[in-house]
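Read the structure below first, then the notes.
Every read-out reported here was derived from the displayed coordinates using simple, explicitly stated rules and does not represent laboratory data. Everything quoted here is computed from the prediction, not taken from an experiment. Positions of Cβ are generated from backbone atoms using ideal geometry, with glycine treated the same way; all protein chains shown enter the neighbour counts.
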Amino acid sequence: MAPVDADACAAPATIPVSVLVLTKNEQVNIVECLRDLQFSDDVVVLDSLSTDKTVELAKQFANVRVFERPFDTEYKQRNFGLHDIAYKHPWLYICDADERVPADLMAEIRRIATDPSPAHVAYRLRYKNMYLGKWIKHATSYPVWLIRMVQPKRVTYEKRETNVHPIVDGTVGEMRSHFIHYSYNNGLRHWFEKHNFYSDHEASEAVGIRQRGLPRWREIRQADPIQRRRAVKNVSFFLRGRAVWRFLYQYLLRFGFLDGKAGFHYCAMISMYEYWIELKIRELESDWRSRTDELARKLLEAPAS
C-alpha cells in the first residue's frame, strides 16, 4: 500500500479541541476525513476492529491516536469513546469517517473552544447529505440536527438499540455551520448492508415501543428538534405501509422531486429501508420462525399413513 501523502500527515495548526472519529472498514473515507481534522492536535480514532486498512491509514497521521474495541452496541461504543478515553482538551467534536468539516464550521468550532465562558455544555448542528455529486436537501427532510460538539463529562448516550441520542447535563446550543455527509462514498452495497443491520435494531426497538403504546401528544410537540424527531419516528412504528407513506412524504410533501434523479433514488432507498423495518417488526411480533419450526416438528412426528 502506498503511504499517505506526507503533507496530509504533517503536524497540524491547532484549535484547542479534541476530536472523536468512530470507524469500521472506512479506508475509502478515513484519509480525507483526517485531513480535514488537521486543526486539532488530538484526534482519536475509535475503530470497531476493521478488516481493511482503516487503522493502518489512520496511524500515519501525526495528530491521531487509534483505539480498537469490538463493537457490541452503539450506545456502549459511543459512551466508551466519551468516558473511557482521556482527551487533551475539554471540548470534543464527534464525527464519522464519511463526514467532512468545511472552513466555516472549523471557524465556529474554534470560537466555541476558545470561549472562556461558553453559554452551553453541548452544541447541535445540521448537515448536508450528498449523493450523485449534489446536496439532496429536500428529500432528506433537512434540517436534521445532531449533537456533535460536547464537553464529554456532561454527556452520556442513551441506552437504545440504534439511532442513539446523547443525554446532556446542561443546556444545548445551536451552531450555524454544517458538516458535509458523504454517506454513499463506500458504495451502495455498503449502504444496503449497513441499513440492513440498522433495520434489525430498529425493528427490535419498535416492538418495545409498540408494546408501550403511542407516544403522547406533548412528546410530538416538544421544543427540542432532536427529541421531537424521535417522537415522530416512534409514532411511525404504528403505521401500516410505512414504506409508501415515507416515500410520499419525502418525495412529494418535502419536495424531494426538486432534488432530481438523486432525490428520487434517495427516497426510493430510504422507503425500502422502512419496508425492511416493517417486515422485521411483523416477523418479531408474530414469531414466524417458531411457528414454522413447530409446524415442521408436527409434520415430522405425524405417523406415516
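Where both bridge residues fall in the chain, DSSP classifies roughly 35% of the beta bridges as antiparallel.
Against the chain, whose longest principal axis is taken from its Cα atoms, helix 74-83 shows a tilt of about 20°. Mean projected area of the convex hull spanned by the Cα atoms of segment 89-224, taken over all viewing directions: 10.1 nm². Using the Cβ-Cβ distance between Lys261 and Phe71 with R0 set to 41 Å, the FRET efficiency works out to roughly 0.75. The alpha carbon convex hull volume per residue for segment 6-181 rounds to 123 Å³.
In plain terms, the residue of Ile180, Ile167, Ile94 with the fewest other Cβ atoms within 10 Å comes first and the most crowded comes last, giving Ile167, Ile180, Ile94. With 0.36 nm allotted per residue and the present C-alpha distance subtracted, the Asp200-Glu32 stretch has 57.4 nm of extension available. Between 0 and 90 degrees, the angle of helix 103-113 with respect to the longest Cα principal axis of the chain falls at about 80 degrees.
Under Stokes-Einstein, with the Kirkwood radius over Cα pairs as Rh, the value for segment 10-78 at 20 °C and 1.002 mPa s is 176 µm²/s. State, to one decimal in nm, how far the label point of Asp115 lies from the label point of Lys153, with both points 7 Å from Cα in the Cβ direction. For the pair Asp115/Lys153, the computed spacing is 1.9 nm.
Over all pairs of different C-alpha atoms in segment 125-201, the reciprocal of the mean inverse distance, the Kirkwood hydrodynamic radius, equals 14.6 Å. Available extension along the chain between Asp104 and Val244 is 46.6 nm, counting 0.36 nm per residue and deducting the alpha carbon span. Computed over segment 188-289, the P(r) curve from all C-alpha pair distances, binned at 10 Å from the origin, holds 15, 39, 37, 9, 0 percent per bin. Computed extension gain for Thr51 through Leu295, at 0.36 nm per residue and net of the alpha carbon distance, reaches 83.8 nm.
If you run the Gaussian network model on the chain, springs between alpha carbon atoms under 10 Å, then out of Arg254, Arg176, Arg212 the most flexible one is Arg212.
Kirkwood's formula applied to the C-alpha pairs of the chain gives a hydrodynamic radius of 21.3 angstrom.
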